[in-house]
Amino acid sequence: MINATVLSAFSLSGLNDTTAKHRVLLFSVTLLCYSVILLVNCALIVTIILEEKLHEPMYIFLCSLCLNSLYGTAAFYPKFLFDLLSDTHVISYAGCLLQIFVIYSYVATDFSILTLMAYDRYVAICRPLEYHSVMTKDKVGLLVCFSRLVPFLIQTIVMIMTSKLELCGSHIEKLYCDNWSIVKLSCNSITTNNIVGFIIIFFYFGHNLFIVCSYVQLVKSALKSKESRRKFMQTCVPHLLCLLNVTVALLFDLMYARYGSSSVLQSVKNFMAIQFLIIPPILNPIIYGLKLSQVRSSFLSLCTDNKQVKGLG
């Protein structure tokens, strides 16, 4: 007989007794980390919005990437900071599903935006004469909308399927809710959920494949002239670093969630589970801010103008 229960909440066990001993230190480090994420992403967003010369497709996509980082991390850090100060680590059923939806739609949107950025660089370097006719404002706006709507639609389907599962437990061995942890609690067959999960993984693997193919063409084009090489080094290297950053971080989480060993230390498990919520949101804006001279000079210009205004006041 299946002992299915109607759940109102889940318990999270990522924070063990050893972790609890250092909760003040962890809270301080986590708060600092989240503050840095907010600071660097907001700085880049404000710079791009205020500087008219940055109202170009590449910078609009970059702004969308930073906004997405703020969206995704908001689903994890406030709750995690609260848990660090609490003795009980519980999340409501609805809150758990919402956290899953936000975090994984954030990850999927990141891949979508990085794919758009690769397409933008391909057109700019391989078809420079057609760039402004291809990457029009209307098309860029449409692409940005699709980069958010498609992940939202996919994740909505996943959430509907997950919410229909009959669960035989309420214990999640992570710092936050993730879809695979809930699916494993199902009393019934999860074959359909697994199939849909792998289809989604392959769909976004296809994004990476598209990016690789576009970069093969970019490298070929970059070898033809000095100007193309300069464009490639200035705008494509940051994009590749960001893509590598997001892909490696997410693969760690996906592979560990499905095939991780129970003998691994809890602290290692925790780091593997949350690194895609730490490393990409911090490094992506920093990489672009340091590497792209237009962004860097615009940011410094805004800071200088702000200081001058304060001095006059």
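The numbers here are math on the coordinates, done by the rules we state, and not lab data. What you are looking at is a predicted structure, and each value in this text was computed from that prediction instead of being measured. Using ideal geometry, Cβ is built from the backbone for each residue, glycine included, and neighbour counts are taken over all protein chains shown.
Here the contact order of the stretch 140-230, divided by its residue count and restricted to Cα pairs under 8 Å and six or more residues apart, works out to 20 percent. Each label point was placed 7 Å from the Cα along the Cα-to-Cβ direction; for Leu153 and Asn208 their separation is 2.4 nm.
Think of each Lys and Arg Cβ as +1 and each Asp and Glu Cβ as -1; about the Cα centre, that makes the dipole of the stretch 16-127 roughly 120 debye. Taking Cα centre as origin and charging only the Cβ of basic (Lys, Arg, +1) and acidic (Asp, Glu, -1) residues, the dipole magnitude of the chain rounds to 860 debye. Of Lys184/Lys269; Lys21/Lys174; Lys79/Lys184; Lys53/Lys139, which pairs sit farther than 21 Å apart, going by alpha carbon to alpha carbon? Cα-Cα > 21 Å for Lys79/Lys184; rest within.
Restricting the calculation to alpha carbons of the chain gives Rg and Dmax of 21.6, 77 angstrom.
Multiplying the residue separation of Thr191 and Ser301 by 0.36 nm and removing their Cα-Cα distance gives an extension gain of 34.0 nm. Per residue, the average separation of C-alpha pairs within less than 8 Å and at least 6 apart gives the chain a relative contact order of 28 percent.
Taking trypsin sites (Lys or Arg not before Pro) as exposed when DSSP calls them loop (any state but H, G, I, E, B) and at most 11 other Cβ atoms lie within 10 Å, what is the longest stretch of the chain free of them, the sites themselves excluded? Free of exposed loop sites, the longest segment is 1-163.
Dividing the summed helix terms, -39500 (n - 2.57) for each DSSP H run of n ≥ 4, by the number of residues in the chain produces a 222 nm estimate of -24500 deg cm²/dmol to the nearest 500. Computed about the Cα centre, the dipole magnitude for the stretch 67-147 is approximately 260 debye when only Lys and Arg (+1) and Asp and Glu (-1) carry charge, each at its Cβ. Here the stretch 74-89 is scanned for amide nitrogen atoms under 13 Å from the site 7 Å beyond the Cα of Ser163 along Cα-to-Cβ, giving none. The simple spin-label model puts a point 7 Å past each Cα toward its Cβ; for Lys137 and Leu98 those points are separated by 3.6 nm. Amide H to amide H, with H built 1.01 Å from N, Leu167 comes under 5 Å of Thr5, Cys187, counting only residues 5 or more places away or on other chains.
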